[in-house]
Amino acid sequence: MFYIGGGNYISIMVISLIVVILLFLMIFFRFVPLGLWISAWSSGAKVSIFSLVGMRLRRVTPSRVVLPLIRLTKANIPIPIAQLEAHHLAGGRVDAVVNSLIAAHRANLELPFERAAAIDLAGRDVFEAVRMSVNPKVIETPMISAMAINGIEIKAVARVTVRTNIQRLVGGAGEATIIARVGEGIVTTVGSAATHREVLENPDKISKTVLAKGLDAGTAYEILSIDIADVDVGRNIGATLQIEQAEADKKIAEAKAEERRALAVAEEQEMRARVQEMRAKVVAAEAEVPLALSEALRSGNMGFFDYLNSENRKADTKMKENIGNMGIEISAKPMNK
């Protein structure tokens, strides 16, 4: 009985030991990516087991750091794994930075890891920036309208060839600034031309003048060339402005004339009102004359013969006026030969 019991006890111990070993192996392989360590060791990348365990404890996925390190090792670019892990913890894209370092190394471009990491953390695509440094990019501006001194509108489209300036990529202005500056340069150059024919005959004058202004200062790009792709003649803006000015002057003159006419009409109406008022006063005074004559006759201040003499003088005066009017009418008629 003791042997059977002892055998059961040994079996339980063996099973427990196996379970403990399995748990240990599960925990070990959970925290230690042995396959990743073997890959790094076989490629020559210096990664220790303790570094991998530390990454697990810091909640860093080891493959996101070790695989880029392997690519750097194969490209003969010595970058410590601690810098890659720090960039990953800072929220950077380790793969993009490593790809840009390898591309810059192949193209013989100077790109330190610190600058590449800063560009990536600034939100720029560092790999695309390296590609644009090797293969320049062509930026086409929209249709830009400018006016020469003679008032003729010129419409131009420019193609700007740029490449990335890695040294100014952090904090440098983008494509929108390049397009705005080129447009400003075209407007200035066309505006300084005496006639639009000068621009049409020498469109390269715009390119040379704009390129000489150093428009890439403070930007993340270096302008290699500016080519005028299309030049068209637009409206005669000078004539249009003169016509609009003449129309405006005409409206102002009409408004002033209308104002003077309204004042004249108001003055005429006021004069008529005054004449009507004076006539009313005369009629009122004439209406009082018979009353005054009656009162004078009644009071004895005026005799009957005096009244007759006054009436005779009125009749005589009226007759003279009629005779004078008849003479004026006769003199005004043309004489028949």
Subject >> Projected label distance in nm at Glu258 and Val187, using a 7 Å step from Cα toward the beta-carbon >> reply: 3.6
Original post:
Once the other residues with Cβ under 13 Å from the Cβ of Ser51 are scored (Lys, Arg +1; Asp, Glu -1), what is the net sum?
Top reply: +2
**OP:** Would you list, by chain and number, the lysines whose Cα falls below 18 Å from the Cα of Lys74, excluding same-chain residues fewer than 8 positions away?
**Re:** Lys46
Subject >> Under 13 Å, Cβ to Cβ, from Val265 - net charge with Lys/Arg +1 and Asp/Glu -1 >> reply: -2
Original post:
Among Leu111, Thr209, Ala180, whose Cα sits farthest toward the positive end of the charge dipole of the chain (+1 at Cβ of Lys/Arg, -1 at Cβ of Asp/Glu, about the Cα centre)?
Top reply: Leu111
Original post:
Per Stokes-Einstein, at 10 °C and 1.306 mPa s, what whole-number D in µm² s⁻¹ belongs to the chain, with the Kirkwood radius over Cα pairs as the hydrodynamic radius?
Top reply: 50
**OP:** Take each of the peptides 261-267, 142-148, average the number of other beta-carbon atoms within 10 Å over its residues, and list them starting from the highest.
**Re:** 142-148, 261-267
**OP:** Please work out the average accessible area per residue across the chain, using the 1.4 Å probe convention, and give it in Å².
**Re:** 67
Subject >> Antiparallel %, DSSP beta bridges [both residues in the chain], to 5 >> reply: 95
Original post:
About the Cα centre of the range 139-289, what is the dipole size in debye to 20, counting +1 per Lys and Arg Cβ and -1 per Asp and Glu Cβ, all else neutral?
Top reply: 320
Subject >> Rounded to the nearest 20 debye, dipole of the range 55-129 from Cβ charges on Lys, Arg, Asp, Glu >> reply: 340
Subject >> Positive-pole candidate from Ile166, Val199, Tyr221, dipole of the range 149-248, charges at beta carbon >> reply: Ile166
Subject >> Amide hydrogen neighbours beyond the local backbone of Ala173, cut-off 5 Å, H modeled >> reply: Thr219, Ala220
Original post:
What full-extension length gain, to one decimal in nm, is calculated for Asn76 and Asp227 as 0.36 nm per residue of separation minus the Cα-Cα distance?
Top reply: 50.3 nm
Original post:
When the Cα centres of the range 34-64 and the range 170-191 are compared, how far apart do they sit, in Å?
Top reply: 49
Original post:
Counting each DSSP H run of 4 or more residues in the chain as -39500 (n - 2.57), what helix-only mean residue ellipticity at 222 nm follows after dividing by all residues, to the nearest 500 deg cm²/dmol?
Top reply: -22500 deg cm²/dmol
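The values are calculated or read from the model by the stated rules, or taken from the named source; none is laboratory data. Everything quoted here is computed from the prediction, not taken from an experiment. Glycine also receives a Cβ, built like all others from the backbone with ideal geometry; neighbour counts cover every protein chain displayed. All accessible areas refer to the heavy atoms of the entire protein, side chains included, with ligands and DNA or RNA removed. Shrake-Rupley method; radii C 1.70, N 1.55, O 1.52, S 1.80 Å.
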